[in-house]
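K.L.:
Here you go, one structure.
The values are calculated or read from the model by the stated rules, or taken from the named source; none is laboratory data. Small disclaimer: the values here were computed from a predicted structure and weren't measured. Positions of Cβ are backbone-derived with ideal geometry, glycine not excepted, and every protein chain shown enters the neighbour counts.
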Amino acid sequence: MNKKRYKEEYEEGSNLLWPSEEEDKITRKFYRDLSHLSKKIIHNKNKKLNLLQQIFRFFNGEAGSSKKID
């Protein structure tokens, strides 16, 4: 059953326009893709930050081990 777009009217004066089943699938796919893209961008930023942190540690002499030499 493929539901079509329909409108609901309420006594308070508010009207809701509901999407069709096809529009709903497209919208959900768009937001899912957008969410995956933003997660990928955040992950890539973290990788770059980690690389910069490693370089900084190397120049500060902390890159060899987790123990600090006194």
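K.L.:
Quickly run through segment 20-70 and pick out the residues that are charged (D, E, K, R) and modelled with pLDDT under 75.
P.N.:
45, 47, 48, 62, 67, 68, 70
K.L.:
Return yes or no: is residue 28 basic (Lys, Arg) and in contact with a strand residue (DSSP E or B) (Cβ under 7 Å, 6 or more places away or on another chain)?
P.N.:
For residue 28, the condition - basic (Lys, Arg) and in contact with a strand residue (DSSP E or B) (Cβ under 7 Å, 6 or more places away or on another chain) - is not met.
K.L.:
Hey, does segment 21-29 have a residue that's loosely packed, with under 10 Cβ neighbours inside 10 Å and out of contact with any Ser or Thr (no Cβ under 6 Å at 6 or more places or on another chain)?
P.N.:
no
K.L.:
Report, by residue number, each residue of segment 1-25 that is of a type in the set (A, V, I, L, M, F, W, C) and assigned to a loop (DSSP other than H, G, I, E, B).
P.N.:
Listed by number, the list holds a single entry, 1.
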